[in-house]
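The values are calculated or read from the model by the stated rules, or taken from the named source; none is laboratory data. Computed from a prediction, not measured in an experiment: that's the story for all the values here. Note: ideal-geometry Cβ built from the backbone for every residue, glycine included; neighbour counts use all protein chains shown. Note: accessible area is taken over every heavy atom of the protein model, side chains too, but ligands, DNA and RNA are not part of it. Shrake-Rupley method; radii C 1.70, N 1.55, O 1.52, S 1.80 Å.
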Amino acid sequence: MTDIKSLYPEELAAFMEEIGEKKFRAAQVFSWLHEKRAGSFDEMTNLSLALREKLKMNCEFVHLTVERMQESAIDGTRKYLFLLNDGNLIESVFMRYHHGNSVCVSTQVGCRMGCRFCASTIDGVVRSLKPSEILDQIYAIENDTGEHVSNVVLMGAGEPMDNYDNVVRFLRLVTNEKGQNMSARNITVSTCGLPDKIRAFAGEGLPVTLALSLHAPDDETRKKLMPIANRYGLTEVLAACDYYFEKTGRRMSYEYSVVRGVNDNAEEAEKLSRLLKGKNAHVNLIPVNPIAERDFEKPRFESLEAFQKLLVKNGINVTIRREMGSDIDGACGQLRRRVLTDREKGEKDI
Ligand code: SAH
C-alpha cells in the first residue's frame, strides 16, 4: 500500500501513471491532500468514482483522529492525543504566541534515547512515524482549532535524527508551496545530538533552526541525564553544531533543562559560558518538568535567575522558556503514558 500523503508532487505524478492515470490528476490529488485537507478519498469529488476506488485499493490514507484533547485554562494551550491507523497513540501540542500559532509534533511513537527526565522514552520506541503522520498532526490541529499554524517545533516524543529520512521528507512536504507552505525559518528541529546526522542534515538545503539538547556543560554531568552522552562526547557534538552553523548560516539553539542540584549552580553557568563563548548561539533555559517516574526537581526560582544572569554577564544570548499549559500534563509524553496506563488497567478489570 502506498502512503500517498508522504509522496512529493513528482512522485505522485509517477504513481498516477503507474496505476494507468493521467499525470495531471496528481496535482488535483496533492491539492485534496495538502491544501483542501480531504478526510477521505470519497471527498475528492472532482475525481471519477473509478479513480477514487482505485486509490482506495492501492493507498493507505493517513488521517489522525483526536482521541483526547486537553485545553489549558491558563493560556489556551492544547494538548492532543492522536490515534494512528495502527492503534498507536501520539501527542502533539498547540500553542498560541504573539508571532503566530505553533505546534509541537512527535516524530516517533516513544523514543529510544533514554533521557532520564523525559516521560516519552520510559518504555522505549515502538516505531518511527511516517512523514504523513508527522504532517497530519499539523493538519488535524488546524482542522480542530480552525486556526492557521505558522510554526512547528520537532520537540514532541521521539528523536528526529533517529528517524532521519522521514523527518527530512516531512520538512520538504510542510514547506511545499502547494501545501502548508510553511517557512523553513519557522521550523525548529530539536536533537539530543547525533553528530553524523547533524552533519548530513546541514547539507539538505533546509534553512531550519537546529536546537541541541545540551542540558549540561561537561560530559560527566551530561552522562547523568542523557545516555547518548556515553556514545558521543561534547567536543564531537558541538563540532557538528558549529558545522551546521557554518554550512547553513542558521544560528544554533542550545536547550538546557535546568534540574535542581544537578546542573543549576554558578560553576555550571560559568562552564556553560566558556563552552559557548564566541559562538553565534542562543540558550534556552527550561525548568525541568518533573515526571512521576523520576525524582528530578525544578530549580528554585532564585538559582534559575542567577544562572541566567551569569550567562548574560558572560555575553551569552539566553532566555528562560515560558511555561505553557502547566495545568494539562505538561511534560512530554505524560498524557500518553496516563492514557496507556488507564487502558491497561481497563483491560485487567475485564
Ligand atoms: N529528542 C529530541 C526532541 C524531543 S525532546 C531532543 O532530545 O531534543 C524536546 C526537548 O524537551 C529536549 O530538549 C528534551 O531534552 C526536553 N525535555 C524532555 N522532557 C523534559 C522534561 N520533563 N522537562 C524539561 N525538558 C524536557
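Check whether at least one residue in the stretch 259-280 is assigned by TED's automatic domain parsing to the domain that holds residue 202, in a strand (DSSP E or B) and surrounded by 19 or more Cβ atoms within 10 Å (Cβ to Cβ), and report yes or no.
no
Condition check ((1) under 18 Å from residue 124 (Cα atoms); (2) under 14 Å from the mean Cα position of the chain (by Cα); (3) surrounded by fewer than 20 Cβ atoms within 10 Å (Cβ to Cβ)) across all residues:
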site	(1), (2), (3)
168	no, yes, yes
173	no, no, no
183	no, no, yes
186	no, yes, yes
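Looking at (1) open to solvent by less than 30 Å² (accessible area, probe 1.4 Å); (2) outside any loop (DSSP other than H, G, I, E, B); (3) closer than 30 Å to residue 322 by Cα, can you tell me which one residue 115 breaks?
Going through the list (1) open to solvent by less than 30 Å² (accessible area, probe 1.4 Å); (2) outside any loop (DSSP other than H, G, I, E, B); (3) closer than 30 Å to residue 322 by Cα, residue 115 breaks only (2).
Kindly indicate whether residue 132 is part of a helix (DSSP H, G or I), of a type in the set (S, T, N, Q), assigned by TED's automatic domain parsing to the domain that holds residue 201 and under 22 Å from residue 288 (Cβ atoms).
For residue 132, the condition - part of a helix (DSSP H, G or I), of a type in the set (S, T, N, Q), assigned by TED's automatic domain parsing to the domain that holds residue 201 and under 22 Å from residue 288 (Cβ atoms) - is not met.
So that you can scan it fast, the table gives a plain yes or no per residue for (1) away from the ligand (no atom under 16 Å from the Cβ); (2) without any contact (Cβ under 8 Å) to a residue 24 or more places away in the chain; (3) assigned by TED's automatic domain parsing to the domain that holds residue 227; (4) aromatic (Phe, Trp, Tyr):
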site: 47; (1), (2), (3), (4): yes, yes, no, no
site: 71; (1), (2), (3), (4): yes, no, yes, no
site: 79; (1), (2), (3), (4): no, no, yes, no
site: 88; (1), (2), (3), (4): yes, no, yes, no
site: 99; (1), (2), (3), (4): yes, no, yes, no
site: 105; (1), (2), (3), (4): no, no, yes, no
site: 109; (1), (2), (3), (4): no, no, yes, no
site: 118; (1), (2), (3), (4): no, no, yes, no
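Could you tell me whether residue 164 is touching a helix residue (DSSP H, G or I) at 6+ places or on another chain (Cβ under 6 Å), open to solvent by 10 Å² or more (accessible area, probe 1.4 Å) and over 30 Å from residue 83 (Cβ atoms)?
Criteria not met by residue 164.
Any residue in the stretch 303-326 that is within 28 Å of residue 199 (Cβ to Cβ), out of contact with any Cys (no Cβ under 8 Å at 6 or more places or on another chain), open to solvent by less than 60 Å² (accessible area, probe 1.4 Å) and part of a helix (DSSP H, G or I)?
yes
Could you grab me the full set of residues in the stretch 301-328 that are away from the ligand (no atom under 11 Å from the Cβ) and either among the hydroxyl-bearing types (Ser, Thr, Tyr) or closer than 30 Å to residue 123 by Cα (or both)? Can you show your working first?
Looking only at the stretch 301-328, we keep the residues that are away from the ligand (no atom under 11 Å from the Cβ), and these are 301-320, 322, 324-328.
If the condition is that a residue be away from the ligand (no atom under 11 Å from the Cβ) and either among the hydroxyl-bearing types (Ser, Thr, Tyr) or closer than 30 Å to residue 123 by Cα (or both), then 303, 319, 320, 322, 324, 325, 326, 327, 328 are the ones that fit.
Could you say whether any residue in the stretch 120-141 is near the ligand (Cβ under 8 Å from one of its atoms) and of a type outside the set (Val, Ile, Thr)?
Yes; the residues of the stretch 120-141 include at least one that is near the ligand (Cβ under 8 Å from one of its atoms) and of a type outside the set (Val, Ile, Thr).
In this structure, does residue 185 turn out to be more than 30 Å from residue 262 (Cα to Cα) and of a type in the set (Lys, Arg)?
yes
Somewhere in the stretch 319-337, is a residue touching a residue at least 24 places away in the same chain (Cβ under 8 Å) and closer than 19 Å to residue 218 by Cβ?
no
Of the conditions (1) touching a residue at least 24 places away in the same chain (Cβ under 8 Å); (2) surrounded by fewer than 18 Cβ atoms within 10 Å (Cβ to Cβ), residue 124 satisfies every one except a single condition; which number is it?
So the condition that residue 124 fails would be (1).
Being farther than 25 Å from residue 93 by Cβ, touching a His at 6+ places or on another chain (Cβ under 9 Å) and open to solvent by 30 Å² or more (accessible area, probe 1.4 Å) narrows it down to one residue among 223, 178; which is it?
Just a single option satisfies the conditions, and that option is 178.
Condition check: open to solvent by less than 30 Å² (accessible area, probe 1.4 Å) and away from the ligand (no atom under 11 Å from the Cβ). Does residue 295 satisfy that?
no
If only one of 159, 220 is over 14 Å from the mean Cα position of the chain (by Cα) and free of Cβ contacts under 8 Å to residues at least 60 places away in the same chain, which one is it?
When all the criteria are applied, what remains is 220.
Conditions: (1) crowded, with 20+ Cβ neighbours inside 10 Å; (2) modelled with pLDDT of 95 or more; (3) in contact with an Asp or Glu (Cβ under 8 Å, 6 or more places away or on another chain); (4) not acidic (Asp, Glu). Residue 59 meets all but one. Number of the miss?
The single condition residue 59 does not satisfy is (1).
How many of the residues making up the stretch 76-94 are surrounded by fewer than 17 Cβ atoms within 10 Å (Cβ to Cβ) and over 12 Å from residue 109 (Cα atoms)?
Looking only at that region, the number is 2.
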